[in-house]
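S.K.: Here it is: the structure, laid out below.
The values are calculated or read from the model by the stated rules, or taken from the named source; none is laboratory data. These numbers were taken from a predicted model, which means no experiment stands behind them. As a convention, Cβ positions derive from the backbone with ideal geometry for all residues, glycine included, and neighbour counts pool all protein chains shown.
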Amino acid sequence: MLSFNQKIALRIAISSILIAIVLGIASWFLAFSAAEELNKAITIETAQHLTERDVAFSSNQYIFPEEADRAVKILVRYGIFDVVEIYSSDGNKLAEYGDAPSEVGHSMMGTHHARLLGLKGPIQTSQKLSDGRRVINTITPIFNDSDSTHSVIGYLETLHIIPLWREAQLSNVALFTALMVGLASLLCGLIVYPSIIFLTKEKDIKAEKLFKSNIQIIKSLGEAAAKRDAETGIHNYRVTLIAIKIAEALNLSHSEMVAVIIGSLLHDIGKIAIADSILLKPGKLTDEEMTIMKTHVKHGEDIIQNRTLLHEGWSIVSAHHEKWDGSGYPRGLKGNNIPYPARIFAVADVFDALCSKRPYKESFDYETTMKMMDDGRGTHFDPIVLDAFRPISKSIYDFVILNEEPIFSELDQAISKYLKQQLS
C-alpha cells in the first residue's frame, strides 16, 4: 500500500499528465480551427478585392465570364487556393479552375450550391481525406460596395487542401505545447510538494493532539463519575473494554462502535448530580432514595445533550438500566426497542459487577457469575448478545477481570482503531 507521500507524488504526476493531454488535444483543435478561420478570412478578403478598381472585375454590377475565368486561374496558379469557383448572383457557375481530389471532386463544393441564393455571409465545411490531408471548403458572397445597397453580384467558392507536412507541423506544435504544459505542471507540483508534505504533517500532529485531548476529556468525565462511588475509575475502563469485545463479536460497524465506546465510558456520568448521602450509603436504599438514584440517568442525558462529542454516547447513557423484558428504567423499554449498544453494555456491566468486589459484596468466581448471567437470559439480557458473549467470556475473565495490567493499552488500541477518524 502506498504511503501518504507516495500518494501525493502520484497525484501530482497523474494531474500533470491529464493536464498535458487535455491541453494537448485543445491545442490540436485550436491549431486546425485557426487554419480553417484563416482560410475563411482569406476567401472573404479575396472576394472584397475582386471588386476593387483595376483588380479583376471591371463592373460593380455584374461579373463577366471572361473576367471570372481569369480571376480563378490567378487565384489557383499563385497558390492561394487549390480549387476556385465563381458564380453569378443568380447561382450560375461563371468559372472554375483547379483539380480537387477524386474522393472529393466537386461534390463537397456542391453541397453549398442550393444555398447560394440569399446567402449574406460566408459558410464553411471541412473534410478529412483518406491520405490524411484536410480539405477546407469556403463560400462567400461578392458584394457591390460602390453603392448603399450593398447588393450581392456573385459568389466565390474556394477549396484549400492542407498538405501532410503542414498537418504534421500543426500536430507537432500541439504535442510540444502539451509537453511544455505537462512539464510546467509537474515542476509546479514538485515545487509545492515539500510544502504540502510539511503542512500535512503539521495538520496530522494537530489532529493527533486534538484526538488525544478529546479522548482524555471523555475518560476524565467517566472516571470522575466512577470515583464518586468507587476508589478508582478502573471499573469504567474494564466495562468499556468488555463491551468493545462483545460488540466486535457481534460485528458492529465503526459508527456503532463509537456509540459503544463513548457510551460505556460515560454511562454513569449522571451520578455526579447524586448526593453522597445516597450514592455512598453502605446499606440498602429506601424506595425514596432509589427513586432519586434512578435520576442519574436523566442527569446523564442532560449533561451530554446536544454536545456533539459526548452525545455519541446517548444510547447507552439513556438506556443502560433498561432490561430485555421491559422491567428496567427509566422508560421501561422492552426487547429491540432498547438501543443495541445499551443491550451490549448491559451484559458487560453486569458481568463486571458480579466479578468485582464491592463494599456491599464479595466478587463471584467465573462459574457462579456465568450461572447468574444465564439466569438473566431473556429477562435482563438480550439472548443474542448473551450468546455472543458466552464463547469469549472466559478469556475476558482471565485477561480483563483477573489481570488489570493490559486494560489500558488494549483500550487505547481500540479507541484509536474505532474513534480516531471520527474525532480527529
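S.K.: Yes or no: the range 51-63 includes at least one residue that is surrounded by 12 or more Cβ atoms within 10 Å (Cβ to Cβ) and at pLDDT 80 or above.
M.R.: Yes, the range 51-63 contains a residue that is surrounded by 12 or more Cβ atoms within 10 Å (Cβ to Cβ) and at pLDDT 80 or above.
S.K.: I want to confirm something. Restricting to the range 14-25 and keeping residues that are surrounded by fewer than 15 Cβ atoms within 10 Å (Cβ to Cβ) and over 19 Å from the mean Cα position of the chain (by Cα), which single residue is nearest to SER185 (Cα to Cα)?
M.R.: ILE17
S.K.: With under 30 Å from ASN137 (Cα atoms) and in contact (Cβ under 8 Å) with a residue 24 or more places away in the chain as the only criterion, which of LEU23, LEU38 stands out?
M.R.: Values: LEU38 fails: in contact (Cβ under 8 Å) with a residue 24 or more places away in the chain.
Step by step, each of LEU23, LEU38 is checked, and only LEU23 is under 30 Å from ASN137 (Cα atoms) and in contact (Cβ under 8 Å) with a residue 24 or more places away in the chain.
S.K.: Provide a single number: the residues in the range 403-424 that are in contact (Cβ under 8 Å) with a residue 12 or more places away in the chain, polar (S, T, N, Q) and not in a helix (DSSP H, G or I).
M.R.: Total satisfying the criteria: 1.
S.K.: Look through VAL385, VAL400 and report the one residue that is β-branched (Val, Ile, Thr), buried (at least 20 other Cβ atoms within 10 Å of the Cβ), modelled with pLDDT of 95 or more and in a helix (DSSP H, G or I). Lay out the reasoning, then the answer.
M.R.: Details: VAL400 fails: modelled with pLDDT of 95 or more.
Sole residue among the options that is β-branched (Val, Ile, Thr), buried (at least 20 other Cβ atoms within 10 Å of the Cβ), modelled with pLDDT of 95 or more and in a helix (DSSP H, G or I): VAL385.
S.K.: Which one is surrounded by the most Cβ atoms within 10 Å (Cβ to Cβ) among residues in the range 111-128 that are of a type outside the set (Lys, Arg) and modelled with pLDDT under 65?
M.R.: Going through the range 111-128, the residues of a type outside the set (Lys, Arg) turn out to be 111-114, 116-119, 121-127.
Those left that are additionally modelled with pLDDT under 65: 111-114.
Values: THR111: 13, HIS112: 19, HIS113: 16, ALA114: 8.
Filtering the range 111-128 for residues that are of a type outside the set (Lys, Arg) and modelled with pLDDT under 65, the one surrounded by the most Cβ atoms within 10 Å (Cβ to Cβ) comes out as HIS112.
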